[in-house]
Amino acid sequence: MQEAISIKVRRSQLGRVRGSGAAGSGVHHWYAERVTSIALVPLTLWFVFSMVRLAGATQESVAGWAGHPWNTVLLLSLVGMTFHHMQLGIQVVLEDYVHDRRVQSLAILANKAICGLLGLLAAVSVLKLALL
Amino acid sequence: MKDVRDALMVGHTSDGTLVRRPLSPHLQVYRPQMTSVLSIMNRVTGLAASAGTVLLVWWLAAAAAGPAAFEHVQWFIGTPVGLFMLFGWTASLMYHFWGGLRHLAWDAGWGYELDKTHLTGWLTIGATVVSTVLIWVAGLLVLRS
């Protein structure tokens, strides 16, 4: 009978949650999600407005537009904020719905990699349009 | 009893028999409401808007690669599948934008009263529809001129 009760059951509730949560990092993830979302409010408005004006534009006019210093800076900011916000948001979804800890950890790492690579690809493309 | 927490989950029915109560009642127990449905929608549109960024990255990378690659992506966006993706991206981005403003207002401590929550919920839905339609009408007008 004693065998049936695992060591996990005898640990206190505090002992069980220690080390498996956000211990130490506190509200950082939540806070970063808000900060990026606030930055994305004006950036998204500007982006949507720009995209409407560029509907059907040629490569030459898109390059000219992206090469304007203000547009370059805003595009880079948009890309940075978007992919950071996206990585944070998708991670929360993975933490909520992927229950297998190993699969969850791998999914979170893959999410970071994909968001990071997409963001870098977008940023390098903007820089190439603007500087070359 | 597998888990000490089970001790907290024991309840009585009205005839006195013991029942195991759910620790956290989940989705299927509740009738869909404005609050819960819009909350789920915020996640769904966040994921859809994330998927849409692939379109943005492709568009930027093609523009950087040159006129031939750019013409290819412009052609794809003009196909029915491309237009559907672009429209879905617009709509989900707009929902996530307006819903995000609603969340930021909550974070600032405003709008928790039920009447305000319902009002801002309807405003989110209305603003999504209006802004999505306006963007597409404006885009098509630019395309024509």
Exercise. Quick check, is B:VAL81 within 14 Å of chain A (Cβ to nearest Cβ), of a type outside the set (Ser, Thr, Tyr) and in a helix (DSSP H, G or I)?
Worked result: no
Exercise. Which one of A:LEU117, A:LEU74 is hydrophobic (A, V, I, L, M, F, W, C), crowded, with 16+ Cβ neighbours inside 10 Å and part of a helix (DSSP H, G or I)?
Worked result: A:LEU74
Seminar exercise, completed: Restricting segment A:1-53 to residues that are charged (D, E, K, R) and at pLDDT 95 or above, the one farthest from the chain's Cα centre (by Cα) turns out to be A:ARG53
Problem set entry | So A:ALA39, is it assigned to a helix (DSSP H, G or I), more than 11 Å from chain B (Cβ to nearest Cβ) and surrounded by 16 or more Cβ atoms within 10 Å (Cβ to Cβ) | yes
Exercise. Is it true that some residue in segment A:22-34 is part of a helix (DSSP H, G or I), out of contact with any Phe, Trp or Tyr (no Cβ under 6 Å at 6 or more places or on another chain), farther than 30 Å from B:LEU143 by Cα and among the β-branched types (Val, Ile, Thr)?
Worked result: no
Exercise. So which residues in segment B:26-49 are away from chain A (no Cβ under 14 Å) and either among the hydroxyl-bearing types (Ser, Thr, Tyr) or not in a helix (DSSP H, G or I) (or both)?
Worked result: B:TYR30, B:ARG31, B:PRO32, B:GLN33, B:THR35, B:SER36
For this session: Check whether at least one residue in segment A:102-111 is within 9 Å of chain B (Cβ to nearest Cβ), within 20 Å of B:ALA48 (Cβ to Cβ) and crowded, with 18+ Cβ neighbours inside 10 Å, and report yes or no.
Result: no
For this session: Kindly indicate the residue of segment B:84-103 that is aliphatic (A, V, I, L, M) and more than 10 Å from every other protein chain (Cβ to nearest Cβ) and also surrounded by the most Cβ atoms within 10 Å (Cβ to Cβ) among those meeting that condition.
Result: B:ALA91
For this session: Please enumerate the residues belonging to segment A:53-70 that are surrounded by fewer than 19 Cβ atoms within 10 Å (Cβ to Cβ) and not hydroxyl-bearing (Ser, Thr, Tyr).
Result: A:ARG53, A:LEU54, A:ALA55, A:GLY56, A:ALA57, A:GLU60, A:GLY64, A:TRP65, A:GLY67, A:HIS68, A:PRO69, A:TRP70
Exercise. Taking segment B:104-145 as the region of interest, how many residues are closer than 30 Å to B:ILE77 by Cβ, among the polar types (S, T, N, Q) and either in contact with a Lys or Arg (Cβ under 7 Å, 6 or more places away or on another chain) or within 12 Å of another protein chain (Cβ to nearest Cβ) (or both)?
Worked result: 4
For this session: Report whether or not B:VAL81 is loosely packed, with under 11 Cβ neighbours inside 10 Å, in contact with a Gly (Cβ under 6 Å, 6 or more places away or on another chain), of a type outside the set (Asp, Glu) and more than 27 Å from B:GLU113 (Cα to Cα).
Result: no
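The values are calculated or read from the model by the stated rules, or taken from the named source; none is laboratory data. Predicted model, so just to flag it, every value in this text is computed and none were measured. Note that we place each Cβ from the backbone using ideal geometry, even for glycine, and neighbour counts take in every protein chain shown.
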